[in-house]
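Here's the structure, in structure tokens; my notes come after.
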Amino acid sequence: MASTEAPKPRSPPRRRASDVYRERNRNLLMYSSAVIIATLGVTYAAVPLYRMFCAATGFAGTPNVGTGRFEAERLVPVENAHRIKVHFNADRSESLPWSFTPQQRFVTVLPGETSLAFYTAKNNSKKDIIGIATYNVTPDRVAPYFSKVECFCFEEQKLLAGEEVDMPLLFFIDKDILDDPACRNIDDIVLSYTFFRARRNQKGQLEPDAAEDEVQNSLGFGGYEHAPKAESSTATPKPKPLSLPRLPVPELRKTLDRYLRSLEPFLLEDEAHGGLPFNTAYSLRAKWADEFAAGVGKLCQDRLLALDRASPNNWLDDNFWANKAYLEWRSPLLINSNWWLALHEDALIPAHAKEAQTGITPWQVRRGAWLVHRVLCFKDLLDRQELYPDTTRTGLWLRESTSKMFNIARLPKPTCDIMSKPPRASNPEALKIYVMIHDWCYAIPVYHAGSPAVVDISAKRLAAGEKAVPIGVLSADERDRWTQNLQHLLDLSPKNQRTHQIICQSLLGLSLDGPSPTFSLTGQEALTSHLLAIRSTNSNVANRMFDKPCTIIVDPSTRAGSSGEHSSCDALVPSMVADFALVNGVDASHFTASEPEPFASEILDQAGWERLDWDVDATIEAECTQALTRAKAIIDNSDANVFWFQDYGTDWIKDSLKQSPDAYIQMMFQLAYFKTRGEFTATYETALTRMFKRGRTETIRSFTKESRAWVLGMMDGNMPQQTRRNLLHDALHAHSSLIREATTGRGIDRHLLGLKLMLRPLSGEQSAFLDDELFRRSQTWKLSTSGLNAGNLFKGTGFGASYEDGYGINYLAAPDMIKFGIESKVSSSQTSTDGLKDAIFEALYDMKTLCLATNGHTAAISGSAGVKSHL
């Protein structure tokens with residue numbers, strides 16, 4: 001039979017020394033020509049041309065930033081080469097009141113190997129400040145080979161007063177460095193960044209606000225005779241548009257090897273509990289992996305590579321990620337899939353408005369209106385590129401992500417849902433929000449003055465004895481059931497079709513809820529009550545549409561939050577929007593009076609808004625009643641809570657231990673889970689792949705051979721403390737390596753999913769590798785975790801456990817505290833949210849005690865990246 005294998009691409013030939021010198025001579029000729037042209041009068045472009053030239057050639061220690069080096073075949077480590085130690089340096093201008101430090105002192109890399117590092121910047125002033133960073137590499141002869149895939153230099157970096165951010169750097173050293181005789185003996189490289197306060201030049205562009213010689217020195221130009229001067233610069237060429245690299249398809253063999261490593265802790269556990277000996281079980285999986293790689297696995301890899309070539313943006317997101325991760329799920333979105341986020345109170349709202357209230361209140365409406373206003377301000381600033389412009393990689397990613405947060409909805413369909421298409425900008429429905437009050441729905445235009453009459457109308461309808469048919473609860477039902485009921489509604493009347501279309505095409509939702517039956521003002525009870533009200537309770541579950549990516553929720557006491565459907569964008573995106581919305585409290589100057597007036601006693605004119613009523617029949621009324629019963633069962637079975645650990649936070653972990661906070665927290669989860677269950681489980685941590693075009697997420701498998709050894713050591717009363725600390729070091733180091741792999745497109749779970757989907761079982765294709773029960777068990781995430789950010793403006797967050805006997809945990813790691821949102825199921829005798837809270841506290845206390853009593857490996861672990869993972 002003829003082989004169906006695609007021809008294996010040739011590796012690019014290694015360049016000869018003569019080619020290297022020929023290229024360097026061409027570069028020198030380019031530079032000489034630039035100087036000659038400058039002397040002929042084109043001095044107006046001296047500074048930008050010089051910097052562009054240096055960035056292209058690596059002259060004067062300027063790292064290479066061209067996109068031609070980012071092809072997938074160049075991002076392959078040269079395994080037999082010696083490692084190069086990259087040191088990180090951070091400086092700042094004296095006029096900039098920031099602290100700026102690298103999170104790691106150094107990392108060691110192979111030529112061709114991508115590496116992720118982080119810097120931390122904090123605005124220590126009481127004002128918002130825009131900064132801009134420059135960079136250079138020493139020795140300067142390595143600069144042509146030092147390439148950055150993602151970087152924060154030369155981009156606007158606005159820090160709010162007191163704000164602290166982590167800034168990622170993804171780089172690699174081009175393998176061509178091995179062909180340059182001048183670089184043969186280089187073992188150490190120093191990458192230096194300098195932050196300056198930013199100013200606008202005459203062209204309105206940002207530039208460092210510092211003396212020119214200081215800027216030139218920071219760039220590595222200071223010692224060069226022909227370095228351009230600021231006074232010679234009168235024009236700047238139009239910058240080349242940024243673009244994000246494509247998500248790579250990982251190498252098959254490397255994915256299989258990483259997968260086999262991820263199985264080691266499971267096999268060790270099986271052996272310890274009477275299963276096959278480790279070596280026997282591991283050899284069997286290695287044999288299956290080899291057979292897969294040589295046979296049907298290679299076919300699947302070739303098909304995946306062909307799919308990648310045919311995909312316009314991203315082999316994963318363009319083809320199957322949303323369907324497999326979300327839209328094919330038939331379980332209700334309520335708790336099982338949708339995320340929730342509880343916001344802090346607004347300090348500008350008077351205390352009397354935050355007490356227990358009844359009915360819809362004026363301050364509730366005002367805060368709801370203000371939060372909608374701030375969210376739409378964020379959207380408008382983003383659309384106008386006044387915030388996170390396309391000249392930054394964050395801007396490219398965030399603009400693409402937020403486009404899937406507004407004006408769309410998830411549409412229920414048999415077997416697999418779809419996402420609605422956003423309306424045209426000229427469509428008037430695109431400028432509306434939908435508002436739900438007492439389970440009734442209204443549409444309000446928000447880009448010009450609207451009427452507050454919807455609140456008065458709702459009050460009048462209640463007073464007249466009218467009762468809403470709770471259509472919203474149908475969207476909380478099992479997806480195939482909601483599919484049938486929605487189709488029935490749409491078939492009943494054109495009015496229903498229009499109502500549903502407006503809801504789908506609206507910008508977002510605003511739910512003005514009634515009072516919570518568990519309202520509390522103080523202590524843990526207040527946190528719990530607030531979080532559950534945002535998650536949904538039996539009293540408010542029908543007052544929202546669960547298909548929308550973002551719904552703002554406000555109760556009568558002005559407690560607020562948001563919740564949303566998960567498939568269109570990851571929860572980090574709405575959390576960033578919420579952060580912006582909360583930075584400023586309700587500004588009375590935007591309203592006609594500092595205190596909101598009582599609602600009108602008479603119904604106001606309907607201009608500017610409309611009722612979104614539904615035509616219903618006995619079938620829909622009965623379905624709503626049954627859906628409420630099913631929703632109540634889901635809610636009553638959800639054991640969700642918030643835990644604020646306030647003894648220490650990321651500052652102590654980073655400053656005192658020089659450790660990655662994320663890796664530290666993940667190790668804590670391993671210890672806490674074992675304390676409550678006496679066993680281990682597959683653990684899911686989400687990592688963003690946002691440095692790639694349309695990147696979504698990848699899995700970090702936190703349960704490793706090293707984390708298992710450390711946890712068992714902590715449970716062994718006879719093990720010396722220093723031995724435990726050494727095991728912790730190994731576990732942190734292993735986890736940090738997994739972070740780097742996942743965030744740089746080298747994770748395994750998305751690749752394994754793609755390979756499995758390329759298999760053609762109807763054609764008789766099968767694999768013992770994919771059919772292995774351990775393949776499924778290693779992806780049974782009974783401990784599902786994800787972090788957002790510091791969460792200074794949030795009370796807590798949450799999402800549902802993936803399994804009946806598992807946990808869903810979201811965490812907010814701040815400098816001085818860590819907030820945990822935990823969800824489990826009441827029906828499971830093996831889980832307890834309160835029990836896990838106690839275990840988390842105990843584990844964090846034990847870890848600090850261990851670290852204070854022993855010597856760490858700070859030099860080795862300092863290369864660990866401090867990465868935030870996300871929902």
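Of the residues ALA633, ALA593, ALA622, the single one that is assigned to a loop (DSSP other than H, G, I, E, B), without any contact (Cβ under 8 Å) to a residue 40 or more places away in the chain and out of contact with any Cys (no Cβ under 6 Å at 6 or more places or on another chain) is ALA593. Scanning the stretch 710-751 for residues that are without any contact (Cβ under 8 Å) to a residue 60 or more places away in the chain and hydroxyl-bearing (Ser, Thr, Tyr) yields THR723, SER737.
Only residues that are outside any helix (DSSP H, G or I), β-branched (Val, Ile, Thr) and out of contact with any helix residue (DSSP H, G or I) (no Cβ under 6 Å at 6 or more places or on another chain): list them for the stretch 511-547, please.
Within the stretch 511-547, the first condition is being outside any helix (DSSP H, G or I), and the residues that meet it are 511-522, 536-547.
Subset that is β-branched (Val, Ile, Thr): 518, 522, 537, 541.
Those that are outside any helix (DSSP H, G or I), β-branched (Val, Ile, Thr) and out of contact with any helix residue (DSSP H, G or I) (no Cβ under 6 Å at 6 or more places or on another chain): THR522, THR537.
Counting the residues of the stretch 94-114 that are surrounded by fewer than 19 Cβ atoms within 10 Å (Cβ to Cβ) and small (Gly, Ala, Ser) gives 2.
Annotation note: of GLY717, GLY649, the sole residue that is of a type outside the set (Lys, Arg) and surrounded by fewer than 18 Cβ atoms within 10 Å (Cβ to Cβ) is GLY717. For the stretch 459-473, filtered to residues that are modelled with pLDDT of 90 or more and outside any loop (DSSP other than H, G, I, E, B), the residue that is farthest from PHE546 (Cα to Cα) is ILE471. Could you go through the stretch 573-585 and let me know if any residue there is assigned by TED's automatic domain parsing to the domain that holds ILE444, out of contact with any helix residue (DSSP H, G or I) (no Cβ under 6 Å at 6 or more places or on another chain) and in a loop (DSSP other than H, G, I, E, B). Checked the stretch 573-585: at least one residue is assigned by TED's automatic domain parsing to the domain that holds ILE444, out of contact with any helix residue (DSSP H, G or I) (no Cβ under 6 Å at 6 or more places or on another chain) and in a loop (DSSP other than H, G, I, E, B).
For (1) within 23 Å of VAL372 (Cα to Cα); (2) at pLDDT 95 or above; (3) among the polar types (S, T, N, Q); (4) outside the structural domain of ALA443 (by TED's automatic domain parsing), each residue gets a yes or a no:
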site: SER493; (1), (2), (3), (4): no, yes, yes, no
site: ASN496; (1), (2), (3), (4): no, yes, yes, no
site: THR518; (1), (2), (3), (4): no, no, yes, no
site: GLY523; (1), (2), (3), (4): no, no, no, no
site: THR528; (1), (2), (3), (4): no, no, yes, no
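Under the condition of being in contact (Cβ under 8 Å) with a residue 12 or more places away in the chain and surrounded by fewer than 16 Cβ atoms within 10 Å (Cβ to Cβ), which residue from the stretch 502-523 is farthest from TRP329 (Cα to Cα)?
Quick first cut of the stretch 502-523, residues in contact (Cβ under 8 Å) with a residue 12 or more places away in the chain only: 502-519, 521.
Applying the additional criterion that residues be surrounded by fewer than 16 Cβ atoms within 10 Å (Cβ to Cβ) yields 517-518, 521.
Values: PRO517: 32, THR518: 32, LEU521: 38 Å.
So the residue we want is LEU521.
HIS352 meets the conditions (1) over 18 Å from ILE553 (Cα atoms); (2) touching a residue at least 12 places away in the same chain (Cβ under 8 Å); (3) assigned to a helix (DSSP H, G or I); (4) out of contact with any strand residue (DSSP E or B) (no Cβ under 9 Å at 6 or more places or on another chain) in every case but one. The failed one is (2). Filtering the stretch 684-709 to residues that are more than 21 Å from VAL249 (Cα to Cα), surrounded by fewer than 23 Cβ atoms within 10 Å (Cβ to Cβ) and touching a residue at least 40 places away in the same chain (Cβ under 8 Å) leaves LYS705, ARG708.
Can we say GLY800 is assigned by TED's automatic domain parsing to the domain that holds GLU698 and crowded, with 24+ Cβ neighbours inside 10 Å?
yes
Test of understanding: among ASP805, ASP749, which residue is out of contact with any helix residue (DSSP H, G or I) (no Cβ under 7 Å at 6 or more places or on another chain), in the same structural domain as LYS837 (by TED's automatic domain parsing) and surrounded by fewer than 18 Cβ atoms within 10 Å (Cβ to Cβ)? Every option except ASP805 fails the conditions.
When residues of the stretch 652-667 are filtered for being surrounded by fewer than 24 Cβ atoms within 10 Å (Cβ to Cβ) and either on the phi < 0 side of the Ramachandran plot or in contact with a Phe, Trp or Tyr (Cβ under 6 Å, 6 or more places away or on another chain) (or both), how many remain?
Residues of the stretch 652-667 surrounded by fewer than 24 Cβ atoms within 10 Å (Cβ to Cβ): 652, 654-658.
Pick out the ones that are also either on the phi < 0 side of the Ramachandran plot or in contact with a Phe, Trp or Tyr (Cβ under 6 Å, 6 or more places away or on another chain) (or both) and you get 652, 654-657.
Of the residues in the stretch 652-667, 5 are surrounded by fewer than 24 Cβ atoms within 10 Å (Cβ to Cβ) and either on the phi < 0 side of the Ramachandran plot or in contact with a Phe, Trp or Tyr (Cβ under 6 Å, 6 or more places away or on another chain) (or both).
The values are calculated or read from the model by the stated rules, or taken from the named source; none is laboratory data. Keep in mind that what you see is a predicted model, and the values were worked out from it rather than measured. Glycine also receives a Cβ, built like all others from the backbone with ideal geometry; neighbour counts cover every protein chain displayed.
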